[in-house]
1. How many of the residues in segment 169-193 are open to solvent by 50 Å² or more (accessible area, probe 1.4 Å), within 21 Å of the chain's Cα centre (by Cα) and in contact (Cβ under 8 Å) with a residue 24 or more places away in the chain?
2. Which count do you get for residues in segment 452-470 that are modelled with pLDDT under 80, surrounded by 21 or more Cβ atoms within 10 Å (Cβ to Cβ) and part of a loop (DSSP other than H, G, I, E, B)?
3. Exposed (fewer than 13 other Cβ atoms within 10 Å of the Cβ) and small (G, A, S): which single residue out of G414, G427, G410 fits that description?
4. Which of the numbered conditions does L261 fail, given that it passes all the others? Conditions: (1) in contact with a helix residue (DSSP H, G or I) (Cβ under 8 Å, 6 or more places away or on another chain); (2) closer than 25 Å to P467 by Cβ; (3) open to solvent by 40 Å² or more (accessible area, probe 1.4 Å); (4) at pLDDT 90 or above.
5. Within the bounds of segment 220-238, is there any residue that is under 26 Å from P445 (Cβ atoms), open to solvent by 40 Å² or more (accessible area, probe 1.4 Å) and of a type in the set (D, E, K, R)?
6. Examine segment 278-292 for a residue that is crowded, with 18+ Cβ neighbours inside 10 Å and more than 28 Å from the chain's Cα centre (by Cα), and state whether such a residue exists.
Amino acid sequence: MNKSGDLLAGIKEILSNNDDVTYMPLQVQGIRCTLIYIQSIINLQTLQEQIASPLLALSLSNAKDIKQAFGEGSLFTCPYQQAAEPSSIAFAIVQGSVALCLEGSPTANVFEIPSYEKRAVEESKNEQVVIGPREAFIEDIEVNVSLLRNKIKHPDLKIVRYTLGEYTKTRAYIVYIEGLCENSILEELNRQFQHIDIDGVLGVNYLSEEMKTTRRTPFPQFQYTERPDTVAASLLEGRIAILLDGTPSSLLVPVSIFSLLQSSEDYYQSFYSASWIRMIRFVFALVSLMLPSLYVAITTFQPDIIPTDLLVTIAAARENIPFSALTEAFIMELTFEALREAGTRIPKPVGQTISIIGAIVIGQAAVDAGIVSTPMVIVVSITGIAAYIVPHYELGLTFRLLRFPLLFLGGTTGLLGVLAATYVVYGHLCSINTFGTPYMQPLAPLLLSDWKDMLFRAPSYFMKKRPKTYGSQNRRRQTHK
């Protein structure tokens, strides 16, 4: 058997038991050719017009001229590469390429013409804004790159490509602006990407788990976003983005807890409104974490600090309740978490209705039955609403998780236990470091120059320099994120 036969046989052996692989034989001036492809993942129009049609229209006189034309690349308008290894050709085919094997040739021409089903660019579902762009990333990485290129039209926007996953062969892009990002962060990202060893990468959370710089922490060390404008603005601040094929979210590094509490809409409103809303967001983020534990601690161990009239009202409401405040709070918090999760899993048209009505009906029924008190229902309801104010979903989940140990400490040790636990959490936050950036910066360590975009947003004419928090090399100017 000749080398061409060995090559074709090797490809067939690797792709055996794949009934969706097509082997199309062609006869071109007495020379046998074989096109190999998977119909569902290639562009059939490109195959027909730029590959098959030139072959069928070929009118060269002898085999030597045909092989010469193949080598010169003068037959096809579609770009291709030559490959000699059956394994590399087979991998290219399952990724959306077409291989052309020519009788008597030890190599195959590989045309990369993938075409996967994808949805259109739609409005962001998880990061909605009243003012500002509405477009969001989709699952196709090339479309996502085009959305970024449309916002940053500069040759310094750089993209580094990686292929991750032993079986999935998922494309991942590291995106940054040369001259703005910190080189040490870029080098660390490249080093970690080169050492990722995993069977499959199906979402950006796979990468975040593999690349965590601080392992023992529930706090997110990457910022998730599905908005191109947020990514573009973060790149202009000197941060780095990670895009992954097959997922509509991107990752941003480095990150601080204050960047997770900011919303893109803060920069589309006047600085008065944006600053007011941002301060409300910070206050209610603390409320979502600490309100139930403070209520239980105060009513159980320090009732004397409550005003007399309010204390009488609370005591009257709890008079016939058979459970302690701690047990009562656990029952309500767990019920609220179950309703929230059910609302997520139930089909969308009825999910929100079920969650709201379920919370109202169950809460009222529990009060009427004397299982929980009215003040506890109010506390848990306010806490649940406050949790939705946190813009970053993973940070909100972390607050919901930490709420339970704080609640337990409040019900067993009082305010002292809550304050001690808060101090421990703050110390833990100060110990987290994401790609060389302290998690609590610019608060700890203190960077007063970056406070103009932390608890409030200063006017744009006061923010002419990029923040030091993210280690930007170029401090000339800053934009919104």
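1. 2
2. Count: 1.
3. Working: G414 fails: exposed (fewer than 13 other Cβ atoms within 10 Å of the Cβ); G410 fails: exposed (fewer than 13 other Cβ atoms within 10 Å of the Cβ).
None of the others qualify; the one that does is G427.
4. Evaluating L261 over (1) in contact with a helix residue (DSSP H, G or I) (Cβ under 8 Å, 6 or more places away or on another chain); (2) closer than 25 Å to P467 by Cβ; (3) open to solvent by 40 Å² or more (accessible area, probe 1.4 Å); (4) at pLDDT 90 or above leaves (3) as the failure.
5. No, segment 220-238 has no match at all.
6. Yes: one or more hits.
The values are calculated or read from the model by the stated rules, or taken from the named source; none is laboratory data. From a predicted model like this one, the values you see are computed outputs, not experimental measurements. We place every Cβ from the backbone using ideal geometry, glycine too, and count neighbours over all the protein chains shown. In case anyone asks, the SASA skips ligands and DNA or RNA and just uses the protein heavy atoms, side chains included. Shrake-Rupley method; radii C 1.70, N 1.55, O 1.52, S 1.80 Å.
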